[in-house]
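To keep things clear, I will list the structure first and then write my remarks on it.
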Amino acid sequence: MKELTASRKLTDIMPFNEVYYKDCFYNCLFSIVKYFQGEVMRFFLNDIILYRHSPYNRLQADVEYVPIQPVTRLLNDMNIELFECKEYGNIVYGIREALSKGMPVIVKVDCFYEPMRPDLYGTEHLDHNLLVYGYDDTEQTFNIFEHKNKNSLRYKPETISYDCIQEASDGYYQHFGHLKEPAYIKFCKSVLREEKNKHPLKSYVSRYAARYLENRAEVIKGMEHLLSMKNNLVEAMRNRDLLEQHADEILESLMEVIAAKKLEQYRINCFFKDKELENTIQDIVNGWTFVRLSILSYKYSGEYIDEKLSNAISVMEKLCGDERKMIDLLINSSYKAMV
């Protein structure tokens, strides 16, 4: 077996902190895509975002991402290949071997075992992804990107010991192995398909517009879910006992909605160049943010709670109208994008 070098760190790879997309896996993946000189915007144009509301989680706001193409296809178009390593156990050697070949790695971990995660370390089990981009046998550490808490997008360079990453991987398998995810995934640039990048970004815009129009009935149907969501949140804001009991889950779900709407805003501003549409999505992002901040103020006993919650209820009513307006504007913009 070939001897590995004592250390290797991939240069020019940076944490991705521009916008939150779905979950932490993509924050890792986008750093890799940019490292291999791919276009992250292809991913942002790959989902129709729909409101979804379950009667079983009636006080949670929720969105669904409906993909147009699988992730592997998007990567393939950018000449990026991935290899899943499904064997848990001793992952340290496999990660070092991949990095020694210039292959960045995304590894599945349980934050309960991460010392640099004070929000969860030793207190809460949470499935998570780490981007590993270097190792040092002398220090017995890996170079990773990580953030301080689950509500933060500020990823930055950190180091984690070989023992800790192994323990965090073992913990993931113990607590989340039922998800049937690979232990880690390694990535490389394909040298066999250098001329394969045949789909320019403009084609992704057209594909998104076409799929949006195909799914407009589902998008409009999502308004029914939004109305149910709005009615239940308004009920909670009027019933303090209910709000007290469910504030944490409401706040967490609103974070997901705000992240989805910021993504929608990001691609609208980049590709559709319609001022009314841009203003409308800005109103929607501002509206959801105001509602969340009002509930956050209630949770932490801020000032003027009655007034803030009353205003939040009014904002919720306006949000529904703004969402319907955005759908109409985006339908018109999608027709234009296909010309």
Practice task
Name every residue in segment 50-70 that is open to solvent by 30 Å² or more (accessible area, probe 1.4 Å) and more than 30 Å from ILE250 (Cβ to Cβ), in order of residue number.
Solution key: PRO70
Exercise for the section: Would you point out the residue of segment 222-252, among those that are within 24 Å of the chain's Cα centre (by Cα) and surrounded by fewer than 14 Cβ atoms within 10 Å (Cβ to Cβ), that is nearest to GLY321 (Cα to Cα)? Expected result: GLU249
Exercise for the section: Could you please give the count of residues in segment 296-309 that are surrounded by 14 or more Cβ atoms within 10 Å (Cβ to Cβ) and either under 30 Å from GLU214 (Cβ atoms) or of a type in the set (S, T, N, Q) (or both)? Expected result: 1
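Suppose the filter is modelled with pLDDT of 95 or more and open to solvent by less than 10 Å² (accessible area, probe 1.4 Å); does ILE327 pass it?
On the way: modelled with pLDDT of 95 or more: yes; open to solvent by less than 10 Å² (accessible area, probe 1.4 Å): yes.
In short, yes.
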Exercise for the section: Filter segment 71-94 down to residues that are crowded, with 17+ Cβ neighbours inside 10 Å and either under 30 Å from ILE327 (Cβ atoms) or not assigned by the TED database to the domain that holds ASP110 (or both), then give me how many there are. Expected result: 2
Practice task
Confirm whether HIS246 is modelled with pLDDT of 95 or more, in a helix (DSSP H, G or I) and closer than 30 Å to GLY122 by Cβ.
Solution key: no
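Yes/no matrix, rows are residues, columns are (1) open to solvent by less than 10 Å² (accessible area, probe 1.4 Å); (2) modelled with pLDDT under 95; (3) not assigned by the TED database to the domain that holds TYR172:
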| residue | (1), (2), (3) |
| --- | --- |
| ARG96 | no, no, no |
| MET103 | no, no, no |
| LYS108 | no, no, no |
| CYS111 | yes, no, no |
| ASP119 | no, yes, no |
| LEU130 | yes, no, no |
| TYR135 | yes, no, no |
Practice task
Give the residues of segment 30-86 that are hydroxyl-bearing (Ser, Thr, Tyr), within 24 Å of LEU233 (Cα to Cα) and in contact with a strand residue (DSSP E or B) (Cβ under 7 Å, 6 or more places away or on another chain), sorted by residue number.
Solution key: TYR51, TYR65
Exercise for the section: Kindly check whether there is at least one residue in segment 304-319 that is over 26 Å from the mean Cα position of the chain (by Cα), assigned by the TED database to the domain that holds ASN239 and outside any helix (DSSP H, G or I). Expected result: yes
Exercise for the section: With the checklist (1) in the same structural domain as VAL63 (by the TED database); (2) open to solvent by 20 Å² or more (accessible area, probe 1.4 Å); (3) not aliphatic (A, V, I, L, M) in hand, flag the one item GLY171 doesn't pass. Expected result: (2)
Practice task
All but one of (1) out of contact with any Pro (no Cβ under 9 Å at 6 or more places or on another chain); (2) in contact (Cβ under 8 Å) with a residue 60 or more places away in the chain; (3) of a type in the set (Val, Ile, Thr); (4) in a helix (DSSP H, G or I) hold for ILE32, so report the exception by its number.
Solution key: (1)
Handout entry: Listing of helices (runs of 4 or more DSSP H) fully contained in segment 148-241 that carry 3 or more residues being under 30 Å from ASN332 (Cα atoms)
Key = 201-214, 216-238
Exercise for the section: Please specify each residue of segment 310-319 satisfying the condition of being within 24 Å of ILE48 (Cα to Cα) and either of a type in the set (Ser, Thr, Tyr) or crowded, with 16+ Cβ neighbours inside 10 Å (or both). Expected result: MET316, LEU319
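The values are calculated or read from the model by the stated rules, or taken from the named source; none is laboratory data. These numbers were taken from a predicted model, which means no experiment stands behind them. All Cβ positions, glycine included, derive from the backbone under ideal geometry; neighbour counts span all protein chains shown. Accessible surface is based on the protein model in full, side chains and every heavy atom, while ligands, DNA and RNA are left aside. Shrake-Rupley method; radii C 1.70, N 1.55, O 1.52, S 1.80 Å.
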